[in-house]
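Throughout, read-outs are computed from the coordinates displayed, never taken from laboratory work. Just so it is clear, the structure is predicted and the values come from calculations on it, not from any experiment. Here the Cβ positions follow ideal geometry from the backbone for every residue, glycine too, while neighbour counts run over all protein chains shown.
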Amino acid sequence: MARKNKPVATKLDLSRKKTIEFDVDTNIKVAYKTGKILYGKNQILKNLFRENPFKMLIMSNNCPSELMTQINHINSLLKDKLFIYKYKGSSWDLGLACAKPYMISVMGIIDFGDSDLISLRTK
């Protein structure tokens, strides 16, 4: 039996094509495991006065306003401004993104590791 050549479809059905969305939670997990991260109010404020070790700060949605104004004030005094990302979830969600069973209101990223969090600056 001879095989018949079937015509190859020239058009792709683009309605089924999924777009890959940037997931902050998984990138925070990757940065926590492969990079270097500090979290907590006391550690962040203590290290902000040193030679600006952070490349980025992530603040939760329900971060206390006093802490937010304090960090913004310190950021305004720095020569190289920090990028502060406002996390969409609460501090419980930020803690769960780091696989911790407690709330994290602010976290500082010293080394990104294998994560793609640096792309948040452009978004």
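Ordered by the number of other Cβ atoms lying within 10 Å of each residue's own Cβ, fewest first, Val30, Val24, Val106 fall into the sequence Val30, Val24, Val106. Listed from fewest to most Cβ neighbours within 10 Å, the set Lys123, Lys55 follows the order Lys123, Lys55. Remark: for residue pairs Lys33/Lys79; Lys46/Lys88; Lys46/Lys123; Lys41/Lys86; Lys29/Lys88; Lys79/Lys100, the C-alpha separation exceeds 23 Å in Lys33/Lys79; Lys46/Lys88; Lys46/Lys123; Lys79/Lys100. Multiplying the residue separation of Glu51 and Thr26 by 0.36 nm and subtracting their alpha-carbon distance yields 6.1 nm.
So for each of 73-81, 86-94 I average, over its residues, the number of other beta carbons within 10 Å; can you give me the resulting order with the highest mean first? All intermediate terms of the calculation are to be shown ahead of the outcome.
Values: 73-81: 10.2, 86-94: 16.9.
Top to bottom by mean Cβ count within 10 Å: 86-94, 73-81.
Once R0 is set to 30 Å, what does the formula 1/(1 + (r/R0)^6) return for the Cβ-Cβ distance between Asp80 and Tyr102, expressed as a FRET efficiency to the nearest 0.05? My answer for the efficiency is 0.45.
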